[in-house]
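> Take this structure first; my questions come after.
The values are calculated or read from the model by the stated rules, or taken from the named source; none is laboratory data. Values in this document were obtained by computation on a predicted structure and should not be read as measured data. Cβ coordinates were reconstructed from backbone atoms using ideal geometry, including for glycine residues, and neighbour counts include every protein chain displayed. We work out accessible area using only protein heavy atoms, side chains counted, and drop any ligands, DNA or RNA first. Shrake-Rupley method; radii C 1.70, N 1.55, O 1.52, S 1.80 Å.
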Amino acid sequence: MKALLKFVAKLNTQPTKVSRRDFNAMHTSGHTDEQILEAVLIVGLAKYTNVVAFALGTVPEFDPVSPPGA
């Protein structure tokens with residue numbers, strides 16, 4: 001799980017820095033090519049939808065909720 005989180009965090013913040021070494025780390029931790037592809041697609045889809053939402057000026061259709069104890 002730690003390798004997956006590290007991989008998607010790097011993919012999200014530094015996509016041009018993702019290298020073969022990152023893929024090898026994912027394979028070493030037991031992830032398959034299909035699982036790596038799924039992680040890449042999910043990160044890409046999330047980034048895409050955020051760009052579209054921000055560009056169109058969309059706002060949530062729900063009231064903000066304060067965390068417990070705040």
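> Would you mind getting the accessible area per residue of the chain, heavy atoms of the protein chains only, 1.4 Å probe, in Å²?
Heavy-atom SASA per residue in the chain reads 85 Å².
> Mind checking the dipole of the chain: about its Cα centre, +1 per Lys or Arg Cβ, -1 per Asp or Glu Cβ, Debye to the nearest 20? The partial results should precede the final answer.
Details: 7 positive and 6 negative charges, 99 e Å.
Here the chain has a charge dipole of around 480 debye.
> Sticking with this one: Need the list of aspartates and glutamates near residue 2 for cross-linking: C-alpha distance under 20 angstrom, and skip anything on the same chain fewer than eight residues off.
22, 33, 34, 38
> Using a 10 angstrom cutoff on alpha carbons, build the Gaussian network for the chain and name the most mobile of 25, 39, 55.
Comparing 25, 39, 55 in a Gaussian network model of the chain, the most mobile one is 55.
> On average, how much area does the Cα convex hull of the chain cover when viewed from any direction, in nm²?
7.0
> Then there's this: Taking all protein chains in place and a 1.4 Å probe, what share, in percent, of the accessible surface of segment 13-69 do carbon and sulfur account for?
On the way: 3070 of 4960 Å².
Roughly 62 percent of what the probe reaches on segment 13-69 is carbon or sulfur.
> Leaving ligands and nucleic acids out of the surface, order 10, 17 by accessible area at 1.4 Å, largest first.
17, 10
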